1. Residue under question is V261, and the condition is that it be assigned by TED's automatic domain parsing to the domain that holds K341 and modelled with pLDDT of 95 or more; does it hold?
2. Mind telling me which of the residues F338, F360, F320 ends up being closer than 22 Å to P206 by Cα and of a type outside the set (S, T, N, Q)?
3. Residues that are surrounded by fewer than 20 Cβ atoms within 10 Å (Cβ to Cβ), under 37 Å from the mean Cα position of the chain (by Cα) and at pLDDT 95 or above: does segment 292-314 have at least one?
4. Condition check: over 26 Å from the mean Cα position of the chain (by Cα), over 15 Å from G217 (Cα atoms), assigned by TED's automatic domain parsing to the domain that holds G199 and surrounded by fewer than 22 Cβ atoms within 10 Å (Cβ to Cβ). Does L289 satisfy that?
5. Spot the failing condition for R21; the list is (1) over 25 Å from R102 (Cβ atoms); (2) in a helix (DSSP H, G or I); (3) at pLDDT 80 or above, and only one is missed.
6. May I ask you to list pairs of residues, at least six apart or on different chains, whose Cβ atoms are under 6 Å apart, with the first in segment 119-144 being within 19 Å of L328 (Cβ to Cβ) and the second being assigned to a helix (DSSP H, G or I)?
7. Taking I372, is it over 30 Å from K241 (Cα atoms) and free of Cβ contacts under 8 Å to residues at least 12 places away in the same chain?
8. Check N201, N255 and return the single one that is of a type in the set (S, T, N, Q), touching a residue at least 60 places away in the same chain (Cβ under 8 Å) and more than 30 Å from Q339 (Cα to Cα).
Amino acid sequence: MNTLAATFTIEDNDGKGSSLRLHGPLDQDAYFALAGPLRQAVKKGCAGELVIDLKDVTRLDDFGALLLAHVHKAADAVNCPCSIEAARPSVREVLDLLHFQRLINAPALEKPKHENPFVALGGAIIDKVLGAKELIDFTGDVLLCAAIVVRHPFSMRWDDMLTSMRKVGVDAVPIVGLINFLLGFIMAFMTSVQLKQFGANIYVAPLVAIAMVRELGPIMTAIVVTGRSGSAFASEIGAMKISEEVDALSTMGFNPVVFLVMPKMAAAMIVMPILTVFACLFGILGGLLVGVVFLDLTLSNYLSETIDSLSMYAVNWCFFKAVVFAFLITWIGCLRGFQVKGGSSAVGEATTSSVVSGIFLIILWDCIFAFIQLYWS
């Protein structure tokens, strides 16, 4: 059988078996050209022992060795013993380098079996239960370490807390301000379309103020901080976990939660209420721009309506939400970091998981707070 470079012939050895003679270079081209025809020819023409004659093989690489392995497998399938003869020293050297004997003796890969759906369901339930236990354990560690820090303030790294305050708070002011300004602008602009029909333009001011202070300000700030800082916490601790720095801290007698989590959590819980104030102010400023420019409201009227619509009850709830959201963001970000196992790809997975879990927890607890406010008031 002829190909571009390599050829083969199968001959009968006078009833003593068969000879497979290969000619030319056994390389990638030969593999793709001869693999199928060789398997078919061996299965049909092999009788007794099969001798593979490599005397005329000028060159052999890893593809050629794989081709010879396929020939061995095909011969074994029809119960024909197989051996290699007359190989040149260069060819034999390549076969030894590639551990050819181990290659042909390797067991065939089994096709993956479909998992029983009940087994899969049980495994998923067990994973969730173990995950819930890990969440509870980490929560207990955080609360216990918080009590330790309260009793022994010098056990916390205050310089790291100040650095985290800058990263979580100061560095986030521009993006938090811009997002909430645009949010207030859009909310005022869209509601004004309906309010104009009733001559109620002045109600744009309390609508924007109440929405920003009671809901949108805290929740939008928390989502931004989750994306910026929660993911950073997870990736930082995850990278330390991969490089075994967390284990090194434990070996040296440091509590990893006190050393790594407490500065981040304290910083977030301090700066989040301040960030939320900025968010509400920028959102009200966006509504003010719409009211003054598009609705012909005076600056004094808009500000007066805004101040009259807000109460200390709403402001206190705003601050309380910000503190709780800060705790949740730091808690889930650090937890995902400590859960990292394996290689560097696990750090990326933990970072993604921290953002998704953080946003879910923020929205979940915001719903809980909405019910509490409804029935409390």
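The values are calculated or read from the model by the stated rules, or taken from the named source; none is laboratory data. As the structure is a computational prediction, the values presented were derived from the model and not from experiment. We place every Cβ from the backbone using ideal geometry, glycine too, and count neighbours over all the protein chains shown.
1. For V261, the condition - assigned by TED's automatic domain parsing to the domain that holds K341 and modelled with pLDDT of 95 or more - is not met.
2. Criteria check complete, one pass: F320.
3. Taking every residue of segment 292-314 in turn, none turns out to be surrounded by fewer than 20 Cβ atoms within 10 Å (Cβ to Cβ), under 37 Å from the mean Cα position of the chain (by Cα) and at pLDDT 95 or above.
4. Yes: the conditions hold for L289.
5. Evaluating R21 over (1) over 25 Å from R102 (Cβ atoms); (2) in a helix (DSSP H, G or I); (3) at pLDDT 80 or above leaves (2) as the failure.
6. As it stands, the answer is F138/L335; D141/V257, since those pairs meet every condition given.
7. yes
8. N201
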